[in-house]
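Written out below as structure tokens is the structure these notes cover.
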Amino acid sequence: MYTQALDSLGKDCLPAGSTQGSALEARFQARVDADEKIEPKDWMPDAYRQTLIRQISQHAHSEIVGMLPEGNWITRAPTLRRKAVLIAKVQDEGGHGMYLYSAAETLGISRQQMIEQLLAGTAKYSSIFNYPTLTWADVGAVGWLVDGAAIMNQIPICRCSYGPYARAMVRICREESFHQRQGFEIMLALARGSAEQRQMAQDALNRWWWPSIMMFGPSDTQSKHTAQSMRWKIKRFTNDELRQKFIDITAPQAEFLGLKIPDPQLHRDEGSEHYRFGTIDWSEFQAVLQGNGPCNRERLEARRHAHAEGGWVREAAAAHAEKQRARAAQAA
Amino acid sequence: MSAANAADEMKGQSLNAQLSNDARLRYVLRLGDTSLVLGQRLGEWVGHSPALEEDLGLANLALDLVGQARLLLSYAAEIEGKGRDEDALAFFRDAPQFTNLTLAEQPNGDFAQTLVRQFLLDAWQLEIYEGLASSSDTRLAAIAAKAVKETRYHFRFSSGWLIRLGDGTEESHRRAQNALEGIWRFTDELFVADEVDEQVAAAGIAPRLADLQPRWSAHIDEVLGGATLQRPASIPYPWHGKRGVHTEHLGHMLTEMQHLQRTYPGAQW
């Protein structure tokens with residue numbers, strides 16, 4: 001009910017282009033410009049609402065689908081400490097999904113609707129999770145690179161104009177930076193280990209490097225949503241700025257590990273103090289985005305399977321709750 | 001007392017200490033292995049549960065159980081005194097050296113099977129850890145004091161689900177009852193004391209299993225009543241997981257769990 005009501009507020013109350021609408025829109029933009037937070041009950045342009053729903057739900061789905069490649073190693077973690085840390089990490093990702101679904105719900109969509117969109121294949125999630133985790137080193141690489149890139153993307157969102165999203169992100173970033181350190185620590189143990197372990201770490205870096213730097217999205221010249229999102233302060237930096245920042249931080253870390261980033265053109269430009277890097281193969285990015293990556297099919301299949309297999313459990317919980325309500329009413 | 005008598009008595013005491021130390025080691029290993037094997041099973045669910053909340057709940061249980069296993073196996077390694085540690089015990093013993101309760105290693109099956117297995121073991125661990133709180137072994141008492149808090153939550157989670165499933169829909173009731181019928185046969189082992197259990201009880205290290213059974217049984221009946229489920233008739237097959245004789249399932253679980261350590265022996269992770 002609550003979410004439905006909010007939804008209609010966005011769509012029906014203000015005919016686009018009306019004088020009243022323009023005045024509200026101007027006031028809205030002034031608040032955003034003044035760095036005020038927009039809250040669920042405040043008026044907001046429908047496009048702002050839809051942009052946030054799209055972005056937050058994609059983010060939530062990414063957390064949930066992201067549990068799969070890492071969860072893949074829980075039963076095989078090489079020590080009990082690593083097992084415990086990995087379980088806690090995957091659990092955190094689920095928790096992030098939960099806050100983010102809740103943040104999106106304040107915009108007029110239910111978690112159920114969002115999950116239906118994910119399962120139907122109409123909602124997107126981060127393409128990075130369509131790559132497989134083939135060895136234990138991949139768990140390290142995912143923490144180090146994927147969580148590292150995610151943090152770079154997400155720290156600016158802590159200052160996003162939409163209050164619930166910004167607040168969810170503060171907590172998420174804190175946990176993600178912990179995960180990133182844990183991932184780096186796994187890589188460090190491998191890099192300092194046997195020749196086989198170092199090879200395992202290098203192979204993981206070879207496979208995860210390019211997909212990780214693609215996580216920042218298309219180049220600024222190609223990005224459809226950047227300009228408007230920046231005006232609304234949903235986004236604070238462009239894709240290319242964030243990618244550059246990530247590479248500048250990560251390249252010396254790879255050096256410290258004694259691993260080689262698989263980009264022959266990567267070098268530090270002494271003048272600008274930035275790392276220059278080779279051309280990104282965007283055709284691969286597009287292919288994975290369109291569903292043709294190595295694990296798109298498996299990831300969605302796993303989500304659909306869990307949802308379908310869990311149907312009777314969710315029905316049981318609902319039926320029991322209903323019986324409890326009826327019994328309480330009868331007793332009263 | 002003559003010198004010879006005193007010497008005999010000392011020898012007797014040291015033999016007793018040795019016996020009870022061996023029993024203590026075996027007892028602590030059993031507890032640690034049961035937590036580890038159950039935690040490993042729950043870890044298989046993560047990312048695949050019926051709803052996000054249950055994914056978080058099962059992961060939480062898995063995490064607690066692996067944590068308990070780490071404390072218990074580290075302690076076992078110390079008692080053993082052969083330079084092994086928690087990982088050596090977890091990853092370099094084969095199935096016959098694992099001494100978990102047979103119930104813990106049973107496959108996850110559907111959500112009902114997992115929850116019934118969990119419920120029966122939570123109720124058991126709850127009694128054990130409460131009993132260990134007054135153990136003469138202060139290290140074990142401290143581990144149990146931490147574990148009992150976790151186990152109370154586990155029991156609330158699993159018994160809550162058992163009631164939801166039993167009282168929910170026809171399908172969930174049928175699945176829960178089937179699960180109960182399927183794994184009830186492993187519950188006798190929970191309370192059949194062998195010489196290890198007797199020695200640790202006699203030494204004041206652990207509670208007497210026979211004293212715990214009525215309370216466990218009452219707990220089980222109370223929840224089954226709320227869940228409208230029938231307690232299966234007891235089928236006393238003498239399972240001996242805690243003596244290292246397992247079902248076929250454990251070997252497969254260990255193959256997966258121990259794969260990295262076995263493939264790269266000596267590596268640090």
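The values are calculated or read from the model by the stated rules, or taken from the named source; none is laboratory data. As the structure is a computational prediction, the values presented were derived from the model and not from experiment. Don't worry about glycine lacking a Cβ; one is built from the backbone with ideal geometry, like all the others, and counts go over all protein chains shown. All accessible areas refer to the heavy atoms of the entire protein, side chains included, with ligands and DNA or RNA removed. Shrake-Rupley method; radii C 1.70, N 1.55, O 1.52, S 1.80 Å.
Some notes on this structure:
- Only one of A:Pro40, A:Pro78, A:Pro69 that is within 14 Å of another protein chain (Cβ to nearest Cβ), outside any helix (DSSP H, G or I), modelled with pLDDT of 95 or more and open to solvent by less than 30 Å² (accessible area, probe 1.4 Å): A:Pro78
- Residue within segment B:109-125 that is more than 14 Å from chain A (Cβ to nearest Cβ), open to solvent by 10 Å² or more (accessible area, probe 1.4 Å) and not in a loop (DSSP other than H, G, I, E, B) present: yes
- Helices (runs of 4 or more DSSP H) wholly inside segment A:218-332 containing at least 3 residues that are open to solvent by 80 Å² or more (accessible area, probe 1.4 Å) and either under 30 Å from B:Ile163 (Cβ atoms) or within 14 Å of chain B (Cβ to nearest Cβ) (or both): A:296-309, A:311-331
- Some residue of segment A:147-161 being in contact (Cβ under 8 Å) with a residue 12 or more places away in the chain and within 25 Å of B:Leu58 (Cα to Cα): yes
- Which listed residue is open to solvent by 30 Å² or more (accessible area, probe 1.4 Å), more than 14 Å from chain A (Cβ to nearest Cβ), basic (Lys, Arg) and touching a residue at least 60 places away in the same chain (Cβ under 8 Å), from B:Arg139, B:Arg156: B:Arg139
- Pairing residues of segment B:210-223 that are within 14 Å of B:Thr187 (Cα to Cα) and in contact (Cβ under 8 Å) with a residue 12 or more places away in the chain with residues that are among the hydrophobic types (A, V, I, L, M, F, W, C) and surrounded by fewer than 17 Cβ atoms within 10 Å (Cβ to Cβ), at Cβ distances under 7 Å and at least 6 apart in sequence or on separate chains, gives B:Ala210/B:Ala193.
- Any hit, segment B:250-258, residues being closer than 22 Å to B:Glu86 by Cβ and in contact with a Pro (Cβ under 7 Å, 6 or more places away or on another chain): no
- Elements of type helices (runs of 4 or more DSSP H) contained in segment B:154-235, each with 3 or more residues being within 15 Å of A:His320 (Cβ to Cβ): B:170-183, B:209-226
- Residue satisfying all of: in segment B:232-269; of a type in the set (D, E, K, R) and without any contact (Cβ under 8 Å) to a residue 40 or more places away in the chain; nearest to the other protein chains (Cβ to nearest Cβ) among these: B:Glu256
- Residues being open to solvent by less than 10 Å² (accessible area, probe 1.4 Å), part of a helix (DSSP H, G or I), facing chain A (nearest Cβ under 7 Å) and hydrophobic (A, V, I, L, M, F, W, C) - total across segment B:36-59: 1
- Residue in segment B:60-86 that is nearest to the other protein chains (Cβ to nearest Cβ), counting only those that are of a type outside the set (Gly, Ala, Ser), open to solvent by 20 Å² or more (accessible area, probe 1.4 Å) and more than 20 Å from B:Asp22 (Cα to Cα): B:Leu63
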